[in-house]
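Input: a single structure, listed below in structure tokens.
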Amino acid sequence: MQIKSAKEHYDIVIVGGGMVGASFACALDRAATDKNLSILVVEAFTLSNCLSIQPSFDARSTALSFGSSKVLEWAGLWTDLLEVVTPIKQIHVSDKGHFGSALLNHEEHKIDALGYVVENNQLGAVLSKAMESSSTIELLCPARIESVKPLAVGMKLAIVADETDFTVETSLVVLADGGKSPICSQLGISRDTETYEQHSLIANIAFENPHEHIAYERFTDTGPLAVLPLSRLENENRASLVWTVANDQVEELKLLAEEDLLERLQERFGNRLGKIRKIGERSFYPLSLSTAKEQIRPGLVLLGNVAHTLHPVAGQGLNLALRDIESLVNSLLSSRITNSQETLEVEKSLDSRSKNSKIGSMQNLQEYLRLQESDQAKTIMFTDKIAKLFSNNDKLKIWARKFGLLSIEMAPSIKKEFSKQAMGLREN
Ligand SMILES: Cc1cc2nc3c(=O)[nH]c(=O)nc-3n(C[C@H](O)[C@H](O)[C@H](O)COP(=O)(O)OP(=O)(O)OC[C@H]3O[C@@H](n4cnc5c(N)ncnc54)[C@H](O)[C@@H]3O)c2cc1C
């Protein structure tokens, strides 16, 4: 529910109601069946109309893996999302100008879809509705967290909302404030950052032919290009373009006339979907790999882009964060069950604040990291490798690419690894 001013204490405060903060709040609310947790979400932008100003819910689209659809179902969000997502039945991978291509097919894996594409503002609308209709989640927006300070137990946060300053205390801060977090810097949490010297050009495009639910990943000598299927609108066959370009091309591409841009794009993408008829507003995002050197401290955990910002080439950022969310929620709630079983009699007399005071303990948070460490490392490595392997025209790399693509088609184990990442499946 939306609130105007916060209480003095919450069990959990989530900084940032973007894709990750909001998904975490909804998942926790759904999984904590006793509803005995107090949750505050503080978001700098207004959420109720997610029409593009909030960074997480701009005009981009996101490819959700099959695994993410299962996490979102567990979080109680999938019924609403199913009405707005476009299924991906096949993924076509190709390398411009070089022999070799691979096709991943949902039928091989006996599932309805390899993944789904959702427009970010529609995902935002579903998440906002879920937070607003929850009686457990208190949503304060627009409001900013100005500082987070450690206490003997828990954290103290300074909030500015509508020019009013106030403070709240909490057992656990979930920092989901994105990749440029000033709060991380304030807390002295440093980052490893490597720029790819590239930007993503994002736009919606319209094709002559229907996409037939195929997502295209095309590697070109100037960088990878993804075309994701979207629902038809106003009689147009729509798709979402994610085109990786070198930094020195950005200014030119911003200014290029629409027909010249369409011609260049057609030359890069080929004629698989017929003529590219239209391109919508272009947005450019600088690309880097950036990971926080610490993800947990007593009373603090980092989630989403603030923990790890990835190259979008393999569409893994939110998908990884959703798996992190599932593990974190499970670690927090299972420790609560253990604690309350151990001290059942004592706890009968305690208020919920005392009951949940251990929620931000290092033991809980270490358990979460133990579960997610290897998934995070593998996903980051896979994405970085693909971004680097397919981003220049070095002859050796062309051979490696050829070999890689042929291998995806021919060697079942490599194809399996590629499919597993694309579908976002956990190790068994
Ligand atoms: C071009 C591109 C394409 C992508 N495609 C895919 C894809 O297909 N699949 C996929 O899985 N991932 C994809 N990603 C990655 C995905 O977009 C990110 O993983 C996701 O946006 C991370 O969300 P977040 O909530 O962590 O951060 P953000 O989206 O940055 O949200 C942070 C939120 O915190 C709020 N905030 C910040 N500071 C404060 C404060 N002090 N107080 C209160 N609120 C605050 C902000 O207003 C914002 O709403 C893509 C990324 C890019 C750049």
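The values are calculated or read from the model by the stated rules, or taken from the named source; none is laboratory data. Remember, predicted model here, so these are calculated numbers, not experimental data. Please note: Cβ atoms are built from the backbone with ideal geometry, for glycine as well, and neighbour counts cover all protein chains shown.
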Subject >> Per-region count, the range 155-178, residues modelled with pLDDT under 95 and part of a loop (DSSP other than H, G, I, E, B) >> reply: 2
**OP:** Could you tell me which residue of the range 172-201 is nearest to the ligand (Cβ to nearest atom), considering only residues that are closer than 15 Å to Met155 by Cα and of a type in the set (A, V, I, L, M, F, W, C)?
**Re:** Ile183
Original post:
Does the range 348-363 include one or more residues that are assigned to a helix (DSSP H, G or I), buried (at least 20 other Cβ atoms within 10 Å of the Cβ) and either among the acidic types (Asp, Glu) or at pLDDT 65 or above (or both)?
Top reply: yes
Original post:
Is there a residue being modelled with pLDDT of 95 or more, closer than 28 Å to Ala44 by Cβ, buried (at least 20 other Cβ atoms within 10 Å of the Cβ) and among the acidic types (Asp, Glu) anywhere in the range 129-148?
Top reply: yes
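For the range 146-161, name all the residues that are free of Cβ contacts under 8 Å to residues at least 24 places away in the same chain and either away from the ligand (no atom under 11 Å from the Cβ) or not β-branched (Val, Ile, Thr) (or both). Lay out the reasoning, then the answer.
Of all residues in the range 146-161, those free of Cβ contacts under 8 Å to residues at least 24 places away in the same chain come to 146, 149, 152, 156, 158, 160.
Across the range 146-161, the qualifying residues are Glu146, Lys149, Ala152, Lys156, Ala158.
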Original post:
Counting just the residues of the range 1-32 that are surrounded by 21 or more Cβ atoms within 10 Å (Cβ to Cβ) and hydroxyl-bearing (Ser, Thr, Tyr), which one comes out farthest from the ligand (Cβ to nearest atom)?
Top reply: Tyr10
Original post:
Just wondering, is there one or more residues in the range 248-270 that are in contact (Cβ under 8 Å) with a residue 60 or more places away in the chain, among the β-branched types (Val, Ile, Thr) and surrounded by 12 or more Cβ atoms within 10 Å (Cβ to Cβ)?
Top reply: no
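Considering only the range 156-200, state which residues are under 30 Å from Thr222 (Cβ atoms) and touching a Gly at 6+ places or on another chain (Cβ under 7 Å).
Taking the range 156-200 as the starting set, the residues that turn out to be under 30 Å from Thr222 (Cβ atoms) are 178-180, 191-200.
Gly178, Gln198, listed by residue number.
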Original post:
What pairs can you find where one residue is in the range 68-82 and closer than 19 Å to Gly315 by Cβ and in contact (Cβ under 8 Å) with a residue 60 or more places away in the chain, the other is within 16 Å of the ligand (Cβ to nearest atom) and of a type in the set (D, E, K, R), and their Cβ atoms are less than 9 Å apart, with a gap of 6+ or different chains?
Top reply: Ser68/Arg323; Val71/Arg323; Val71/Glu326
**OP:** Specify which of the listed residues (Arg218, Arg232, Arg191) is among the basic types (Lys, Arg) and under 21 Å from the mean Cα position of the chain (by Cα).
**Re:** Arg191
